[in-house]
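Trainee: Supplied in C-alpha cells, the structure appears directly below.
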C-alpha cells in the first residue's frame, strides 16, 4: 500500500489541530503524527500505544477501538477518565482503506496544559 497520499492529506488537515492526532496502521504503527502528538513523544514508525501510561498489553491500549472501527467502517468514540479528566477519544476509518485510521482525543491538550501549570514552580511574592 502506498501511504504517501494519506500522509500528505493527514499533514494538510491535521498538522495544526490542537489535540494530538495520529494516522495509524492496523498493526498500530504510527504513519504520521501532528505537531501536538510529536510534542507528546509520538513519532512516526513507533507504536501508537508506546508512550501512553494506560497501555493494555503488547499490542494496544485496553480501551482501543481501532479493530472495531476498521471492521465496522464507522467512526467510534468513547469517553474515558483514565487520565483523571474526561477525554473523548475517536477512531476514524479512512473511506478507501481497510488498513489505516485516524485517532485523536478531545481534552488531551487541556489536560496536559493543566498538568504543566500544576507542575510549574509557584512564584512567591
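Trainee: So, of the residues in region 6-28 that are within 14 Å of the chain's Cα centre (by Cα) and farther than 25 Å from residue 111 by Cβ, which turns out to be surrounded by the most Cβ atoms within 10 Å (Cβ to Cβ)?
Mentor: Only one residue fits best here, namely 25.
Trainee: So which residues in region 32-48 are touching a strand residue (DSSP E or B) at 6+ places or on another chain (Cβ under 8 Å) and more than 8 Å from residue 20 (Cα to Cα), if there are any at all?
Mentor: Selection gives 32, 42, 43, 44, 45, 46, 47, 48.
Trainee: Select from region 29-49 the residues that are over 17 Å from residue 69 (Cβ atoms) and at pLDDT 95 or above and write down the one among them that is surrounded by the most Cβ atoms within 10 Å (Cβ to Cβ).
Mentor: The extreme case among them is 33.
The values are calculated or read from the model by the stated rules, or taken from the named source; none is laboratory data. Here the structure is a predicted model, which means the values were calculated and not measured. Note: ideal-geometry Cβ built from the backbone for every residue, glycine included; neighbour counts use all protein chains shown.
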